[in-house]
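Worksheet: one structure, shown below.
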Amino acid sequence: MKILAIETSCDETAIAILECARNENRAEFTILGNTLLSQIEIHKQYGGVFPALAKREHAKNLVPILEAALEEAELLCEDKQEIPDEMRARISELLARETGLAAAFLEFLGECEPPMIDAIAVTSGPGLEPALWVGINFAKALALLWNKPLVAVNHMEGHIMAALAPQQDGPLVIEDVAMPVLALLISGGHTELVLMKDWLTYELIGQTRDDAVGEAFDKVARMLELPYPGGPEISRLAESVRSNLNSDSQGSTLEFKLPRPMIHDANCDFSFAGLKTAVLNLLKKYPSITEEQKMLVAHEFENAVADVLWKKTSRALEETGAQTLVIGGGVSANTQIRRVFTAQIAADGEHPHVSLRIPAASLTTDNAIMIGLAGYFRALRKEFADPVTIKANGNLHLS
Ligand code: KG4
Ligand code: ZN
């Protein structure tokens, strides 16, 4: 089954085309085409994602990246297509709210034969609703024109599936997954521990009571006058301290001690707002902070985050008896978090039967491949979306 997958939930516009085979016991995916346009440079000046701008950029990017993905997949067959007036009118109406998209769509698709694909998967939530709608309306227009079924994908399920497919050359394969799976989902908008008891059946085990962990990284980075997105910047500073830990900096780290919020509480919830405030208060003591002191703050902040994430995950593993642990979402790119989780699981200590799966670096941040993976699992169960009622849901939960 060939799936064309579309992702526009935040600040990446992405389309991938996957050849998907076999079943839940062993699912195989060959990436035929994969395109992604990041809007980071555009949002940088605002210090975060600006929804109206994200929506406009998605509308501008979707047709060019569709063309690039089809071309890469060798599914682009340029040939004059007569689009009947009635179809043109319906598509124009569907895309009326996305500036310039209807015209670009009709121009390109009037020159392109319907490709040999079987379904169109699109992120329906969670995320920024104006951004999600662009992808959904685009998917609806394609489904209408090509007469293909639609699959609505939960973005977080995409992050879980990406983490379950180990990094390797050749096709992505999801196999030998021991249930239940505990997923730590950490991104700009989410921090949650979710149990997948069986394929596609979820239970929420814990979540943040205030800020998401990626949000905390981004806000602390701003306090340290680092550019958006802050996660990779904090990580860079923190890693430079670690590679230097025999120097004087180790002693002075004590000065920059930060709390580990809720670490000893008897639940699997998180809180990062207090940690962020603690950084703010700490920085007030250093009105003219040096570059080295900034590095020490970044290092201690990152250690505090990794400690709390691990302790709560460890508690959840114990409470749920999960056999597989995955980390997903943009923050799972973080070197220290990956290091702590890998070391703790490898230590054969408290969780000797748990196998850890971490996504390939290229699949940690938002992309359309992960939407294709999750879309296939839904399509296998014939869970197709109604093209009339499909809608964006910024707060969509896994259930
Ligand atoms: O999953 P994602 O790409 O988008 C959302 O769905 O939110 O996650 C983006 C978040 C941002 O907050 C960014 O700062 C964070 O992931 N991030 C990182 C790293 N790379 C990205 N945080 C910590 N360390 C990193 N290396
Ligand atoms: Zn994400």
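Numerical summary
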| quantity | calculated |
| --- | --- |
| ALA392 vs. criteria in the same structural domain as ILE117 (by TED's automatic domain parsing) and surrounded by 22 or more Cβ atoms within 10 Å (Cβ to Cβ) | no |
| Residues (more than 15 Å from MET370 (Cβ to Cβ), assigned to a strand (DSSP E or B) and touching a Phe, Trp or Tyr at 6+ places or on another chain (Cβ under 9 Å)) located in region 1-53 | GLU19, ALA21 |
| Cross-chain or 6+ apart pairs with Cβ under 7 Å, region 139-166 first and within 30 Å of GLY110 (Cβ to Cβ), then within 16 Å of ligand 2 (Cβ to nearest atom) and in a helix (DSSP H, G or I) | VAL151/GLY375; VAL153/ILE371; VAL153/ALA374; VAL153/GLY375 |
| Helices (runs of 4 or more DSSP H) fully within region 279-385 counting 1 or more residues that are on the phi < 0 side of the Ramachandran plot and within 16 Å of ligand 2 (Cβ to nearest atom) | 335-346, 369-380 |
| Residue match in region 54-76 (condition: more than 30 Å from GLY230 (Cα to Cα) and loosely packed, with under 15 Cβ neighbours inside 10 Å) | yes |
| Qualifying residue in region 259-272 (condition: part of a helix (DSSP H, G or I), over 28 Å from ASP366 (Cα atoms) and in the same structural domain as GLY230 (by TED's automatic domain parsing)) | no |
| Test result for GLU300, assigned by TED's automatic domain parsing to the domain that holds GLY230 and either surrounded by 15 or more Cβ atoms within 10 Å (Cβ to Cβ) or free of Cβ contacts under 8 Å to residues at least 24 places away in the same chain (or both) | yes |
| Extreme residue, nearest to GLY158 (Cα to Cα), among residues of region 172-193 that are within 12 Å of ligand 2 (Cβ to nearest atom) and of a type in the set (A, V, I, L, M, F, W, C) | LEU185 |
| Residue within region 181-199 that is away from ligand 1 (no atom under 16 Å from the Cβ), in contact (Cβ under 8 Å) with a residue 40 or more places away in the chain and out of contact with any helix residue (DSSP H, G or I) (no Cβ under 8 Å at 6 or more places or on another chain) present | no |
| Within region 90-127, tally of residues that are in a helix (DSSP H, G or I), over 22 Å from GLU7 (Cβ atoms) and out of contact with any Ser or Thr (no Cβ under 8 Å at 6 or more places or on another chain) | 5 |
| Lone unmet requirement of (1) in contact (Cβ under 8 Å) with a residue 60 or more places away in the chain; (2) not charged (D, E, K, R); (3) not assigned by TED's automatic domain parsing to the domain that holds VAL122 for HIS351 | (1) |
| Residue match in region 274-294 (condition: within 28 Å of VAL49 (Cβ to Cβ), in contact (Cβ under 8 Å) with a residue 60 or more places away in the chain, of a type outside the set (S, T, N, Q) and touching a Ser or Thr at 6+ places or on another chain (Cβ under 8 Å)) | no |
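The values are calculated or read from the model by the stated rules, or taken from the named source; none is laboratory data. Small disclaimer: the values here were computed from a predicted structure and weren't measured. Positions of Cβ are generated from backbone atoms using ideal geometry, with glycine treated the same way; all protein chains shown enter the neighbour counts.
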